[in-house]
């Protein structure tokens, strides 16, 4: 892209403007279309500083939007949008009303852009597809179906309900993990305090008396020395590993697939991930089929809500099986992600023609199982926490009390 500075006369006064173009002839044509005045001269120049700053600010603004929207304000905006659409208010006006109402800067900017695109003649679904990363693939898929069936307001409300269910599950999991996180943090804090403030005092006393420190105390001192001398490099290494992991994981390539696959094998983490992703898949699939959406389309939308790439690949096999002419039961069985009871329930529903009822039961089963796991997560973590806490307390007690007893013997002698 080249830049041309045009000096022109209007009302007897000289003015100038900058035109961006690939070549001079096109720049001249653009100037003539603007009908600004009589051209005096046109010269190619370097990119103006103010335009460079403007482009830089635009890129910053654009990158700030490149993150997932917060579910709570997004759900509130969708519900407001659904009510207004149901009332028959023009689509672009509905979006602008949401923009004027919401306090979330990201949603405000995204909905403003969608309103402008809709006003210029774009489909709503195409506009949502441009923000599929920020709003999620589920948003685009359901809005697209609502637009095709002419039931856009119902689709928007349905989307808000599905996202609210997902939000509630995430909230419940965070609340369940809060207590273990507090305990672990307190343990780490106490350990750091002991090895940096208490144990070094014993070292000085034993050195003065020519006595040897007990082994547990020596272990604590070795840890303290390592943290003091190499702590900064250790911290930088951990930060580098975390940022590298985030960068590679966000690219959604082989690395993310590898991590997602092996994450399912980790104790408790794998079970929670599998239950939440599988339950989410069945929840969305059930809601969509109950709304009359064809099974293949419902499977395609439901798999897009799954964030684990390995599970998404396995659920894709169900969709491919249906396309090949196989039964839904064969598809679910081929994915190897559903227990035999679920397969039998789907088979019974498919055979009897009461698939929707069976999917309701499967959805309820996964919901109950997930809630039970989350509600009792402390029980599952307790054995690990007790073992870690016992090791921690034992090492701390031996590291502190043994030198005290040894010191008493030294003083006695």
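Estimated at 0.36 nm per residue, the fully extended path between residue 197 and residue 364 surpasses their Cα-Cα distance by 54.8 nm.
Dividing the mean sequence gap of close Cα pairs (under 8 Å, 6+ apart) by how many residues region 302-356 holds gives a relative contact order of 24 percent.
Compared with the dominant Cα axis of the chain, that is its longest principal axis, helix 152-193 is turned about 30°.
Protection proxy ranking of 260-269, 229-238, by the mean of other Cβ atoms within 10 Å over each peptide's residues and highest first, is 260-269, 229-238.
Taking all Cα pairs closer than 8 Å and separated by 6 or more residues, the relative contact order of the chain comes to 12 percent. Estimated purely from DSSP H runs of n ≥ 4, each contributing -39500 (n - 2.57), the mean residue ellipticity at 222 nm for the chain is -25500 deg cm²/dmol once divided by its residues. Rounded to the nearest 10 degrees, the inclination of helix 137-149 to the longest alpha-carbon principal axis of the chain is 40 degrees.
P(r) tail for region 166-271: Cα pairs beyond 24 Å make up 54% of the total. Classify the chain as rounded, prolate or oblate, taking a ≥ b ≥ c as the square roots of the eigenvalues of its Cα gyration tensor: rounded when a/c is under 1.5, otherwise prolate if a/b is larger than b/c and oblate if not. Since a/c reaches 1.5 but b/c is at least a/b, the shape of the chain is classed as oblate. Working from the Cα coordinates of region 269-375, the gyration tensor eigenvalues give, after taking √(5λ), semi-axes of 20, 16, 13 Å in decreasing order. Rounded to the nearest 10 degrees, the angle from helix 340-352 to the longest Cα principal axis of the chain is 30 degrees.
Ranked by the mean number of other Cβ atoms within 10 Å of their residues, highest first, the peptides 365-375, 139-149 come out as 139-149, 365-375.
Packing, as the average of other Cβ atoms within 10 Å across residues, places the peptides 274-283, 8-17 in the order 274-283, 8-17, highest first. The alpha carbon convex hull volume per residue for region 2-47 rounds to 57 Å³.
Sequence-distant contacts, meaning Cα pairs under 8 Å at least 6 residues apart, place the relative contact order of region 269-375 at 28 percent.
Against the compact-protein benchmark of 2.2 N^0.38 Å, the Cα-based radius of gyration of region 78-183 scales to 1.22. Rounded to the nearest 0.05, the FRET efficiency derived from the C-beta distance between residue 240 and residue 185 at R0 = 22 Å is 0.45.
Read the figures in this text as sums done on the coordinates, not as results from a lab. From a predicted model like this one, the values you see are computed outputs, not experimental measurements. Note that we place each Cβ from the backbone using ideal geometry, even for glycine, and neighbour counts take in every protein chain shown.
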